[in-house]
1. Taking into account only those residues within the stretch 127-151 that are charged (D, E, K, R) and touching a residue at least 12 places away in the same chain (Cβ under 8 Å), which is most open to solvent (accessible area, probe 1.4 Å)?
2. Lys37 is checked against (1) more than 16 Å from ligand 1 (Cβ to nearest atom); (2) at pLDDT 95 or above; (3) surrounded by fewer than 14 Cβ atoms within 10 Å (Cβ to Cβ); (4) part of a loop (DSSP other than H, G, I, E, B) and fails just one. What number does that condition carry?
3. Considering the stretch 83-93 alone, what residues qualify as being open to solvent by less than 60 Å² (accessible area, probe 1.4 Å) and out of contact with any Asp or Glu (no Cβ under 6 Å at 6 or more places or on another chain)?
4. Which one is surrounded by the most Cβ atoms within 10 Å (Cβ to Cβ), of the residues in the stretch 52-79 that are of a type in the set (Val, Ile, Thr) and closer than 18 Å to Ala142 by Cβ?
5. Mind checking which residues of the stretch 107-143 are out of contact with any helix residue (DSSP H, G or I) (no Cβ under 8 Å at 6 or more places or on another chain), assigned to a helix (DSSP H, G or I) and either within 19 Å of Ala70 (Cβ to Cβ) or not assigned by TED's automatic domain parsing to the domain that holds Arg158 (or both)?
6. Condition test on Val16, is it among the β-branched types (Val, Ile, Thr) and without any contact (Cβ under 8 Å) to a residue 40 or more places away in the chain?
7. For the stretch 41-51: of the residues being open to solvent by less than 30 Å² (accessible area, probe 1.4 Å) and assigned to a loop (DSSP other than H, G, I, E, B), which is modelled with the lowest pLDDT?
8. Of all residues being farther than 19 Å from Thr136 by Cβ and exposed (fewer than 12 other Cβ atoms within 10 Å of the Cβ) in the stretch 94-121, which is nearest to ligand 2 (Cβ to nearest atom)? Just the residue, please.
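The values are calculated or read from the model by the stated rules, or taken from the named source; none is laboratory data. Since the model is a prediction, treat every value here as computed from it, not as a measurement. Neighbour counts are summed over all protein chains in view; Cβ atoms, including those assigned to glycine, are modelled from backbone coordinates with ideal geometry. Just the protein is used for accessible areas: all its heavy atoms, side chains included, with ligands, DNA and RNA removed. Shrake-Rupley method; radii C 1.70, N 1.55, O 1.52, S 1.80 Å.
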Amino acid sequence: MTFNRFVKTVFLTEIVKGMALTLKTFFSPPVTRQYPKEKRPAAPGFRGLHALARDFQTGEARCVGCGLCAAVCPSKCIYIYTADSLDHKKIVERYEIEVLRCVFCGLCVEACPYSAVALTEHYEYSDYSRDAFYMTKEKLLANYDKYMGPEKDREYYRKFWHPTSDDFGTPANQAVFRGKQ
Ligand code: SF4
Ligand code: SF4
């Protein structure tokens, strides 16, 4: 046994230190939040309940049914059913997400070239039935109206998911390889 350890064992210094810390915090206000009465806002860019974004002009779903989100989804929980309209345009008849299988990785949001699918900041959606977690296109559009909307939409995609090219501009003082002169 080393001398230090011997002193600590005999004089119970670790216990005294612990008691001192307890006494120090004994009269400070508690940090526990009384959820659900006290709520903390979700962090911006939070990965919550899914939504399908609407086009700002037409109000229709932005999704064009390309299938990239479904292809990249590691849980394979996105189902897209498309059809051809009479004027040979692709229409998204059904867009469905099985939320209970989702791992909230956000890859679908990153992969979508049209900023059409989102993970909103809403996280309180417990239910007694599994059906409530099977999101149809209509439910996903309603989620967008309720938990996102155009204002949040701009911030959400631009800041967190699809930063536009000017965010990646080369800083003026950055060294650039120019090859042999
Ligand atoms: S949500 Fe985006 S990636 Fe998925 S099918 Fe629609 S347009 Fe394509
Ligand atoms: S967040 Fe990930 S797991 Fe969930 S639907 Fe999107 S790609 Fe699939």
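1. Taking the stretch 127-151 as the starting set, the residues that turn out to be charged (D, E, K, R) are 127, 130-131, 137-139, 145-146, 151.
Now restrict to residues that are touching a residue at least 12 places away in the same chain (Cβ under 8 Å): 130, 137, 145-146.
On the way: Arg130: 175, Lys137: 43, Asp145: 89, Lys146: 149 Å².
Checked the stretch 127-151; the qualifying residue most open to solvent (accessible area, probe 1.4 Å) is Arg130.
2. Going through (1) more than 16 Å from ligand 1 (Cβ to nearest atom); (2) at pLDDT 95 or above; (3) surrounded by fewer than 14 Cβ atoms within 10 Å (Cβ to Cβ); (4) part of a loop (DSSP other than H, G, I, E, B) one by one, Lys37 breaks only (2).
3. In the first step, residues of the stretch 83-93 are kept if they are open to solvent by less than 60 Å² (accessible area, probe 1.4 Å); the result is 83, 85, 92.
Within the stretch 83-93, Ser85, Val92 qualify.
4. Across the stretch 52-79, the extreme among qualifying residues is Ile78.
5. Scanning the stretch 107-143 gives Lys137, Glu138, Lys139, Leu140, Leu141, Asn143.
6. Numbers: among the β-branched types (Val, Ile, Thr): yes; without any contact (Cβ under 8 Å) to a residue 40 or more places away in the chain: yes.
Answer is yes for this residue.
7. Pass one, the stretch 41-51, residues open to solvent by less than 30 Å² (accessible area, probe 1.4 Å): 42, 45, 48-51.
This time we only want the ones that are assigned to a loop (DSSP other than H, G, I, E, B), so: 42, 45, 48-49.
On the way: Ala42: 87, Gly45: 81, Gly48: 96, Leu49: 97.
Only one residue tops the list, namely Gly45.
8. Here the answer is Val103.
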